[in-house]
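To start, the structure under review is shown below, and the notes come after it.
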């Protein structure tokens, strides 16, 4: 797998049709679109970002693609309750290329925990290096060991890693008190 390909990455999650998912920091919406396809028309995908313009563009693209199961939400994931979603509302959260950027890493991860239902999971996809300016600055890269520490402190258990492209790593977590 070369550069991160959301459709291929999401296929590895084996998501059930009809579940509810959230894409934290959706940006251009590549993961939200892949998630929406994977969960089918009976599922619900919440695409959350702080940037209005990106959300408007994603809403137009979803409409053009006849994906009616995506709801765009303007939210500040660096704030407590920043997703604006209710407690225990979603089954699966994707955090792609976002955790490295924020100084509020613990708030963001706790927000994922708050909205997850029992047995909920989080897929973290983040940059594995700087790659000469292609990715974040070297000092901004979040090492997998650090990501695991943040999730563990927020009450998650590490499940496994997964391929996420040549420039990214993928880590899967579930709520520590959940039964598999």
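The values are calculated or read from the model by the stated rules, or taken from the named source; none is laboratory data. Everything numeric in this text was worked out from a predicted model, so none of it was measured. With ideal geometry, Cβ positions are generated from the backbone for all residues, glycine too; neighbour counts draw on all protein chains shown.
Some points to look at:
- Selection within region 84-103: residues that are more than 21 Å from residue 9 (Cβ to Cβ) and modelled with pLDDT of 95 or more. The member of this set that is surrounded by the most Cβ atoms within 10 Å (Cβ to Cβ) is 85.
- Residue list for region 5-19, filter: closer than 16 Å to residue 167 by Cα and within 13 Å of the chain's Cα centre (by Cα): 6, 9
- Residue match in region 156-163 (condition: free of Cβ contacts under 8 Å to residues at least 12 places away in the same chain, surrounded by fewer than 18 Cβ atoms within 10 Å (Cβ to Cβ) and farther than 26 Å from residue 89 by Cβ): no
- Qualifying residues in region 118-150 (those that are surrounded by fewer than 17 Cβ atoms within 10 Å (Cβ to Cβ) and in contact (Cβ under 8 Å) with a residue 60 or more places away in the chain) - the one farthest from residue 6 (Cα to Cα): 118
- Yes/no for residue 115 being buried (at least 20 other Cβ atoms within 10 Å of the Cβ) and either within 25 Å of residue 88 (Cα to Cα) or at pLDDT below 95 (or both): yes
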